[in-house]
Number of protein chains: 2
Amino acid sequence: MNTAAAVADFRRYPLVQALTAATPLADRVQVTWADGRVSPFHHQWLRDNCPCPQCVYSVTREQVLEIVDVPEDVGPCEISIDDAGHLCVVWQGGHQSLFDPGWLRAHAYDDHSRAERLANKPRRQLWQHDLKLPVFEYQALMVDTDALLQWLLALRDIGLTQVRGVPTEPGSLKQIAQRISFIRESNFGVLFNVQSKADADSNAYTAFNLPLHSDLPTRELQPGLQFLHCLVNDADGGESIFVDGFAIAEALRQEDCEAFDALCQIPVEFRNKDRHSDYRCLAPIIALDALGQVTEIRMANFLRGPFDTSVEQMPRFYRAYRRFIALTREPRFRLVQRLEPGQLWCFDNRRTLHARNAFDPNSGARHFQGCYVDRDELLSRILVLQR
Amino acid sequence: MNTAAAVADFRRYPLVQALTAATPLADRVQVTWADGRVSPFHHQWLRDNCPCPQCVYSVTREQVLEIVDVPEDVGPCEISIDDAGHLCVVWQGGHQSLFDPGWLRAHAYDDHSRAERLANKPRRQLWQHDLKLPVFEYQALMVDTDALLQWLLALRDIGLTQVRGVPTEPGSLKQIAQRISFIRESNFGVLFNVQSKADADSNAYTAFNLPLHSDLPTRELQPGLQFLHCLVNDADGGESIFVDGFAIAEALRQEDCEAFDALCQIPVEFRNKDRHSDYRCLAPIIALDALGQVTEIRMANFLRGPFDTSVEQMPRFYRAYRRFIALTREPRFRLVQRLEPGQLWCFDNRRTLHARNAFDPNSGARHFQGCYVDRDELLSRILVLQR
């Protein structure tokens, strides 16, 4: 890339289409590409995104210019396409900007370009009981960045993976979690020990069955990834169960739209409290993004507060809640598997609900360790590996 | 509290009004209180919230019952108010539930009770340049839980505090942050060092002026609290500047509603990237809660990606963005103060925007340390201290 057009980024922007024309209009420059696409760029936008070393600090690649320091009616006095194919703008007042055509195309905001970017976003794959479980080998993940990337993409797009060949020393979970990034701490520790305890501060630390749930729905941001690492599993029972919460939400949308809407609209308070903490979070069970896509499931029956909605809505909400839970119990959605020592589950805690059957603590020892890594860290790691 | 009516909580629910009557209706029980208020409770809701040791595990105080295991048309065969004033329900099938009247009143969902709870929520205080800065003494915060609670309430409701008398050894920030809870780690570390560095991976680590911003707008959840602890400050310049982002948002709503709406509706991509990480977060600058109240400001001009909205919206968005930034520059909003060694700022990073004037690294040393603690931890700590 031409250094004069250095961009405020660590990515590369290959030339997809050449610039063939740049036409000045009243408040914008309209460029035409070799494939005929026309992209308007407002003067404000172009001036704001000037990548020159005066506007962007070259060491951090962060912007120094603040657009509010440029007159609102800033305009070019000269526009051209140079021999290297860059868009060159000389601004009133003399400042010059040079735009790389690959970068410009990647950030064009005409309808066509925006729709194209949306269509190229990663797409998740919904699954049911018959998922071909994505399984990865510990050793490969620890040394091979290609294997690591494949694992992370499976986590992003499928949301459930198993890793085998993990050392069974307590604490060894840390090393593989840190292949992604730092661990997200909680009041249960950096690593938490899933064992039956007399003084349990969560039903997770009993031998009870645990219904399908996400961890820490009691926090504003539920942990993105959850790891569960089996060190010892000599007890009868305790099988792991997983469902794709997004698949269940989509089934509910299809089969009972009114129930789906209630779970998107009416918030529930989740509570996690013991002698030292008192977490509360009010949020709907199903969260949607701006396009109406399901982005998050928040659910743990044992961490709910009493429902608090109007007298009119209460029966509607109970009907919806029952319907959702009933779906999580349908065999078509449930993947059931017992975890053996040296294996771990890693899954999208905000999508893939997990449960465990009751186990018999008198029949043998059972010790799992777990930890969390946030979705930001997963996505950042993927972007760096893909550079 | 009667153990038979033990509730799934660690709070106390004093008796506010006695129960005077309980009337069975088709799908609910309607209770009347001594002050005449009438509260309906649906059968589902009552059965779901049964606090008996069969339905709630007494050690964790977490629910074991799943309401989906109770018939949808469950109803009582007997309702009464016992001598201790509890609501007693004997269900078809024989299960019995006993509800403490203090707890029941605190969770009633008739319109009046819900409005009362809403009105009793903590209220934040908006501020401008003339804020009487809440200042606290380190020693008191470390030993006195009352002083600690006052500090945390100021953080919750005002969002800007100063602490004095803090040791100036590097790392001593940890002790005071941990008076609240564990520290939220980021790619910049558990503690981050704010110093001018040749190989800066953020403009924060230069001697440049930094415009008003929130930290880590590039993460889905911006850190709740930010600490900035002054160890050494011998350099000329570098004054701290704070504005109440909520006050500015409310001023914008008053003065330019269209600009306010644009900042609530049109998302911006914030980016934080270096050789090892690549964080991106798409979210609006102003976030509102379900009642239309401003709950979060997300802003850092130097961490923005190029705006990506439709050609029609782009000029409207630039106008709104310029208007917001112009407001942050108005003296009526800006509190300016130089931090001295042994002092620290602690503020609501999702509300109170902070800036720093440029400093002259040749005029003397300047070393601040910072860290983050999440809002969940602040609120939990307050609730525990208030028990």
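Where a number appears in this text, it was derived from the coordinates with a stated rule and is not lab data. Owing to the predicted nature of the structure, the values given are computational and were not obtained by experimental measurement. Because the Cβ atoms are built from the backbone with ideal geometry, glycine has one as well, and the counts that use them run over all protein chains shown.
From the list B:22, B:26, B:106, exactly one residue is small (Gly, Ala, Ser) and in a strand (DSSP E or B). Which is it? Write out each step before concluding.
Working: B:26 fails: in a strand (DSSP E or B); B:106 fails: in a strand (DSSP E or B).
Exactly one of B:22, B:26, B:106 is small (Gly, Ala, Ser) and in a strand (DSSP E or B), namely B:22.
Just give me the residues in the range A:282-301 being over 21 Å from residue B:57 (Cα atoms) and buried (at least 22 other Cβ atoms within 10 Å of the Cβ), in sequence order. Spell out how you get there, then give the answer.
Start the filter on the range A:282-301 by keeping residues that are over 21 Å from residue B:57 (Cα atoms), which leaves A:282-298.
Correct list: A:285, A:286, A:294, A:296, A:297, A:298.
Is one or more of the residues making up the range A:39-53 under 30 Å from the mean Cα position of the chain (by Cα), of a type outside the set (Val, Ile, Thr) and more than 22 Å from residue B:320 (Cβ to Cβ)? Give the derivation first.
From the range A:39-53, those under 30 Å from the mean Cα position of the chain (by Cα) are A:45, A:48-49, A:51; that's our starting set.
In the following step, the residues that additionally are of a type outside the set (Val, Ile, Thr) were identified as A:45, A:48-49, A:51.
Checking which are more than 22 Å from residue B:320 (Cβ to Cβ) leaves us with A:51.
Looking through the range A:39-53, at least one residue is under 30 Å from the mean Cα position of the chain (by Cα), of a type outside the set (Val, Ile, Thr) and more than 22 Å from residue B:320 (Cβ to Cβ).
Can you confirm whether the range A:239-257 contains a residue that is of a type in the set (Val, Ile, Thr), under 30 Å from residue A:118 (Cβ atoms) and assigned to a strand (DSSP E or B)?
Residues of the range A:239-257 that are of a type in the set (Val, Ile, Thr), as a first pass: A:241, A:243, A:248.
Those left that are additionally under 30 Å from residue A:118 (Cβ atoms): A:243, A:248.
Subset that is assigned to a strand (DSSP E or B): A:243.
Within the range A:239-257 (the criterion being of a type in the set (Val, Ile, Thr), under 30 Å from residue A:118 (Cβ atoms) and assigned to a strand (DSSP E or B)), the answer is yes, since at least one residue qualifies.
In the range B:266-307, how many are of a type outside the set (Gly, Ala, Ser), at the interface with chain A (Cβ under 9 Å from one of its Cβ atoms) and more than 21 Å from residue A:11 (Cα to Cα)?
Total meeting the criteria: 1.
For the range B:182-202: of the residues being away from chain A (no Cβ under 11 Å) and of a type in the set (S, T, N, Q), which is farthest from residue A:56 (Cα to Cα)?
To start, the set of residues in the range B:182-202 that are away from chain A (no Cβ under 11 Å) comprises B:191-196.
Subset that is of a type in the set (S, T, N, Q): B:193, B:195-196.
On the way: B:193: 23, B:195: 20, B:196: 17 Å.
Of everything passing the filter in the range B:182-202, B:193 is farthest from residue A:56 (Cα to Cα).
Out of all the residues in the range A:319-337, is one or more of a type in the set (Asp, Glu) and more than 9 Å from chain B (Cβ to nearest Cβ)?
Of the residues in the range A:319-337, the ones of a type in the set (Asp, Glu) are A:330.
After this cut, where a residue has to be more than 9 Å from chain B (Cβ to nearest Cβ) as well, the list is A:330.
The answer is yes, given that some residue of the range A:319-337 is of a type in the set (Asp, Glu) and more than 9 Å from chain B (Cβ to nearest Cβ).
Here is a yes/no grid of residues against (1) surrounded by fewer than 21 Cβ atoms within 10 Å (Cβ to Cβ); (2) within 11 Å of another protein chain (Cβ to nearest Cβ); (3) free of Cβ contacts under 8 Å to residues at least 12 places away in the same chain; (4) in contact with a helix residue (DSSP H, G or I) (Cβ under 8 Å, 6 or more places away or on another chain):
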residue	(1), (2), (3), (4)
B:224	no, yes, no, yes
B:235	yes, no, no, no
B:239	yes, no, no, no
B:242	no, no, no, no
B:256	yes, no, no, yes
B:262	no, no, no, yes
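Do any residues in the range A:327-342 that are within 27 Å of residue A:259 (Cα to Cα) and touching a residue at least 40 places away in the same chain (Cβ under 8 Å) have Cβ atoms under 7 Å from those of residues that are crowded, with 17+ Cβ neighbours inside 10 Å and aromatic (Phe, Trp, Tyr), where the two are at least six apart or on different chains, and which pairs are they?
A:327/A:333; A:335/A:242
For the range B:302-340: of the residues being hydroxyl-bearing (Ser, Thr, Tyr) and over 30 Å from residue B:232 (Cβ atoms), which is surrounded by the fewest Cβ atoms within 10 Å (Cβ to Cβ)?
Keep residues of the range B:302-340 that are hydroxyl-bearing (Ser, Thr, Tyr), which gives B:309-310, B:318, B:321, B:328.
Next, only the ones that are over 30 Å from residue B:232 (Cβ atoms) stay: B:309-310, B:318, B:321.
Values: B:309: 18, B:310: 13, B:318: 21, B:321: 24.
Top of the filtered list is B:310.
Quick check on my filter: what residues within the range A:372-387 are among the hydroxyl-bearing types (Ser, Thr, Tyr) and more than 8 Å from every other protein chain (Cβ to nearest Cβ)? Before you say what the answer is, go through the steps one by one.
Step one: of the range A:372-387, the residues among the hydroxyl-bearing types (Ser, Thr, Tyr) are A:372, A:380.
Selection gives A:372 alone.
Residues that are polar (S, T, N, Q) and surrounded by fewer than 20 Cβ atoms within 10 Å (Cβ to Cβ): find the strands (runs of 3 or more DSSP E) completely inside the range A:129-206 holding 1 or more of those. Break it down stepwise before answering.
Numbers: elements: A:135-137, A:160-164, A:192-194.
Counting at least 1 such residues, we get A:160-164, A:192-194.
In the range B:264-290, how many residues are without any contact (Cβ under 8 Å) to a residue 24 or more places away in the chain and in a helix (DSSP H, G or I)?
Summing the residues that are without any contact (Cβ under 8 Å) to a residue 24 or more places away in the chain and in a helix (DSSP H, G or I) in the range B:264-290 gives 1.
Please go through the range B:60-78 and pick out each residue that is surrounded by 16 or more Cβ atoms within 10 Å (Cβ to Cβ) and not charged (D, E, K, R).
The answer is B:60, B:63, B:64, B:65, B:67, B:68, B:70, B:74, B:75, B:76.
Taking only pairs six or more apart or across chains, which ones have beta-carbon atoms under 8 Å, a first residue in the range A:59-72 that is more than 8 Å from every other protein chain (Cβ to nearest Cβ), and a second residue that is assigned to a loop (DSSP other than H, G, I, E, B) and not acidic (Asp, Glu)?
A:65/A:50; A:65/A:54; A:65/A:55
Name the residue that is farthest from residue B:322 (Cα to Cα), counting only residues in the range A:18-38 that are among the hydrophobic types (A, V, I, L, M, F, W, C) and free of Cβ contacts under 8 Å to residues at least 24 places away in the same chain. Walk me through how you get there before you give the answer.
Our first condition is that a residue be among the hydrophobic types (A, V, I, L, M, F, W, C); within the range A:18-38, this holds for A:18-19, A:21-22, A:25-26, A:29, A:31, A:33-34, A:38.
Those left that are additionally free of Cβ contacts under 8 Å to residues at least 24 places away in the same chain: A:25-26, A:34.
Numbers: A:25: 22, A:26: 20, A:34: 34 Å.
The extreme case among them is A:34.
If you take the residues of the range B:27-46 that are more than 10 Å from every other protein chain (Cβ to nearest Cβ) and touching a His at 6+ places or on another chain (Cβ under 8 Å), which of them is surrounded by the fewest Cβ atoms within 10 Å (Cβ to Cβ)?
Per the stated criteria, the residue is B:37.
Here's a check for you: in the range B:126-150, which residue that is in contact (Cβ under 8 Å) with a residue 60 or more places away in the chain and within 17 Å of residue B:373 (Cα to Cα) is nearest to the chain's Cα centre (by Cα)?
B:149
Could we say that residue A:219 is in a loop (DSSP other than H, G, I, E, B), surrounded by fewer than 22 Cβ atoms within 10 Å (Cβ to Cβ) and within 11 Å of chain B (Cβ to nearest Cβ) here?
Numbers: in a loop (DSSP other than H, G, I, E, B): yes; surrounded by fewer than 22 Cβ atoms within 10 Å (Cβ to Cβ): no; within 11 Å of chain B (Cβ to nearest Cβ): yes.
So residue A:219 does not fit the description; no.
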